[in-house]
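Below is one structure, written out as structure tokens; comments come after it.
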Amino acid sequence: MKLVRLLRHLTMPQWRAGQVLPRRALLRIEHAIGEAESRHFGQIRFAVENALDLHALLRGESARERAIEVFAALRVWDTEHNNGVLIYLLLADHDVEIVADRGIHERVGGRVWEEVCRDMEAAFREGRFEAGVLAGIARVSGCLETQFPRQAPGPNELPDRPVVL
């Protein structure tokens with residue numbers, strides 16, 4: 001484990017997520033997810049976390065591993081068509097991870113998700129957190145719309161509200 005990473009996580013202030021994504025931004029993200037899901041049968045969740053705890057850091061847990069844990073904890077996998085997608089932001093590592101359920105991942109592939117993550121991270125480096133998240137949601141939604149277009153009203157299987165961990 002790198003000492004720099006450990007210090008970055010342990011010194012990350014609890015209020016950081018609220019600073020980069022204030023309440024109004026979270027409401028706009030929630031609205032964007034709801035609007036996006038009106039056009040397809042997929043489900044999108046967004047989660048942001050300030051930092052990992054000491055135990056996770058000592059285990060050497062990566063942002064990807066944590067995103068998979070959050071994917072399971074938020075039950076993003078629990079959709080009728082296995083087409084849930086989690087966009088996870090770990091602030092201390094400046095890392096975005098997308099975890100997609102098998103129904104959409106096998107149709108889209110990892111390369112597309114990686115491109116979305118890198119584009120979001122580029123926006124974040126410029127301090128454009130809300131814009132980066134909204135652009136990421138739009139791109140994920142575009143993939144879902146292509147693969148699972150909505151032709152009739154259906155249930156919203158997962159909450160649209162962003163999760164601050």
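The values are calculated or read from the model by the stated rules, or taken from the named source; none is laboratory data. Since the model is a prediction, treat every value here as computed from it, not as a measurement. All Cβ positions, glycine included, derive from the backbone under ideal geometry; neighbour counts span all protein chains shown. The area values use the complete protein model at the heavy-atom level, side chains included, leaving out ligands, DNA and RNA. Shrake-Rupley method; radii C 1.70, N 1.55, O 1.52, S 1.80 Å.
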* Hey, could you check region 1-31 for residues that are β-branched (Val, Ile, Thr) and closer than 25 Å to Gln43 by Cβ and say which is surrounded by the most Cβ atoms within 10 Å (Cβ to Cβ)? => Ile29
* Which residue, of Ala73, Ala67, Ala92, Ala51, is over 18 Å from Ala36 (Cα atoms), exposed (fewer than 15 other Cβ atoms within 10 Å of the Cβ) and not basic (Lys, Arg)? -> Ala73
* What number of residues in region 133-165 are closer than 18 Å to Ala122 by Cβ and among the hydrophobic types (A, V, I, L, M, F, W, C)? -> 6
* Only residues in region 137-165 that are on the phi > 0 side of the Ramachandran plot count as the first member; pair them with residues that are open to solvent by 70 Å² or more (accessible area, probe 1.4 Å) and not in a loop (DSSP other than H, G, I, E, B), Cβ under 8 angstrom, at least 6 apart or cross-chain, and list the lot. => none
* Limited to region 116-151, what total is found for residues that are open to solvent by less than 50 Å² (accessible area, probe 1.4 Å), part of a helix (DSSP H, G or I) and more than 18 Å from Ala92 (Cα to Cα)? -> 9
